[in-house]
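Comments concern the structure below.
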Amino acid sequence: MVAGSAMTVFTSTLAFALSGSPPRHWVVVLAVVSTFATGVFAAQMVASARRRPATAPGSDSQEALALVGTALESTHDVQALLPAILKIVVEGTGAAGGRITVDDEDAASVGTAPSSDSLVLPLAADPVRADLILYPEPGGFAPAARALASSLAGQASVALENARRHRLVERQAATDELTGLPNRRRFMRSLGGEIARAKRSGDVFSVVMLDLDDFKRVNDRFGHDAGDRALRAFADVLRGAMRETDVAARIGGEEFACLLPSSDEAGARGLAERIRRDLADCVIALPDGREVSITASLGIAAYPEAKTAEGLLRAADRALYRAKAEGKNRVASNAGGR
């Protein structure tokens, strides 16, 4: 993720770094990169720049670079751009090679490192460290190249922080603040994607609905802080049970849902029973010395017995309330009324 943010930094700072009347071939190179990044939109912008009447070299280059910069900023898929952009920076400064590292691990590299003498320019320090490292040709960097690289890194740091904040806002919009789990919106998006994948592949998957038993009594007896602690404890139990491909989400109040790719009803039941047991064994210690124990009821629905998001959720919900009606702290399935 940080590497992706660093890529966004470089796309937004190349125009600044090369704005001092660069050779016209840099405009062409940047146009190719932007076309790769944003497809038809970038291609149209660059083509428009090329059709304009020729003017003074500096103003023409700056106008084209501004158009390309706008095109680059319009893409959110910058993962593939890092090697191309790093190559442009290396060539623009006359370096023999360069790297971008994130916490000392290479995120991109280009060219060679003919000597240990390198120019290291920090891009970020918190929450992770990111550096731009340039290796000079024999004889070292010219003062102008050092100034160019330094300006690039300074502007990149600002852009990197902006990118980090943008990612943070996006993540917060899809995350439940109390538990840290995905929220209903993100779960529904994941469920829609899994339905599309299963239709193409013929694979199965399951949905599990989970609801804490008698949660209102916890709030009434111990207070809302205890209720919040119970919800966070339940989220921890879910995280401990999930595979990397599974999605556990809080979809509202004390209700949670799990999406289990490639799991049939039997596989989902095994996981649901583990969650039920782990939660029943969980004791939540309160600051005043009291302890709270909670249980949950769980309902399972499997694809393709239900084939739409709404159908799967309704089926899992029916199974959940059957588990409640049969005594709570148990697992029920929509398959055959089990």
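The values are calculated or read from the model by the stated rules, or taken from the named source; none is laboratory data. The structure displayed is predicted, hence computed values, not measured ones. Don't worry about glycine lacking a Cβ; one is built from the backbone with ideal geometry, like all the others, and counts go over all protein chains shown. All accessible areas refer to the heavy atoms of the entire protein, side chains included, with ligands and DNA or RNA removed. Shrake-Rupley method; radii C 1.70, N 1.55, O 1.52, S 1.80 Å.
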So in region 163-191, with the set limited to residues that are polar (S, T, N, Q) and either surrounded by 17 or more Cβ atoms within 10 Å (Cβ to Cβ) or more than 23 Å from Gly227 (Cβ to Cβ) (or both), which one is nearest to the chain's Cα centre (by Cα)?
Thr175
Going residue by residue through region 201-209, is there one that turns out to be assigned to a helix (DSSP H, G or I), at pLDDT 95 or above and over 24 Å from Ala319 (Cα atoms)?
yes
Name every residue in region 250-269 that is buried (at least 23 other Cβ atoms within 10 Å of the Cβ) and part of a helix (DSSP H, G or I), in order of residue number.
Ala268
What's the number of the only condition in (1) within 23 Å of Arg290 (Cβ to Cβ); (2) in a helix (DSSP H, G or I) that Leu178 fails to meet?
(2)
Taking region 128-182 as the region of interest, how many residues are at pLDDT below 90 and among the hydroxyl-bearing types (Ser, Thr, Tyr)?
3
Would you confirm, using the coordinates I've provided, whether Val218 is out of contact with any strand residue (DSSP E or B) (no Cβ under 7 Å at 6 or more places or on another chain), touching a residue at least 40 places away in the same chain (Cβ under 8 Å), assigned to a helix (DSSP H, G or I) and open to solvent by less than 30 Å² (accessible area, probe 1.4 Å)?
no
Is it the case that Asp236 is touching a Pro at 6+ places or on another chain (Cβ under 9 Å), farther than 13 Å from Ala272 by Cα and assigned to a helix (DSSP H, G or I)?
no
Test result for Ala226, in contact with a strand residue (DSSP E or B) (Cβ under 7 Å, 6 or more places away or on another chain), modelled with pLDDT of 95 or more and not in a helix (DSSP H, G or I)
no
Would a scan of region 253-265 turn up a residue that is out of contact with any strand residue (DSSP E or B) (no Cβ under 7 Å at 6 or more places or on another chain), under 22 Å from Leu181 (Cα atoms) and touching a residue at least 40 places away in the same chain (Cβ under 8 Å)?
no
List every residue pair whose Cβ atoms lie under 8 Å apart, where the two residues are 6 or more positions apart in sequence or sit on different chains, the first residue falls within region 322-338 and is closer than 16 Å to Leu271 by Cα and open to solvent by 40 Å² or more (accessible area, probe 1.4 Å), and the second residue, located anywhere, is modelled with pLDDT of 95 or more and part of a loop (DSSP other than H, G, I, E, B).
Asn329/Asp213; Asn329/Thr295
When Asp278 is run through (1) part of a helix (DSSP H, G or I); (2) in contact with a strand residue (DSSP E or B) (Cβ under 9 Å, 6 or more places away or on another chain), the failure sits at (2)
Return the residues of region 120-157 that are touching a residue at least 60 places away in the same chain (Cβ under 8 Å), in contact with a Ser or Thr (Cβ under 6 Å, 6 or more places away or on another chain) and open to solvent by 20 Å² or more (accessible area, probe 1.4 Å); say none if nothing qualifies.
Leu148, Gln155
Of the listed residues (Ala272, Ala319, Ala302, Ala306), the one being buried (at least 17 other Cβ atoms within 10 Å of the Cβ), assigned to a helix (DSSP H, G or I), within 30 Å of the chain's Cα centre (by Cα) and hydrophobic (A, V, I, L, M, F, W, C) is Ala272
All but one of (1) within 17 Å of Leu286 (Cβ to Cβ); (2) touching a residue at least 12 places away in the same chain (Cβ under 8 Å); (3) not acidic (Asp, Glu) hold for Thr245; state the number of the condition that does not hold.
(1)
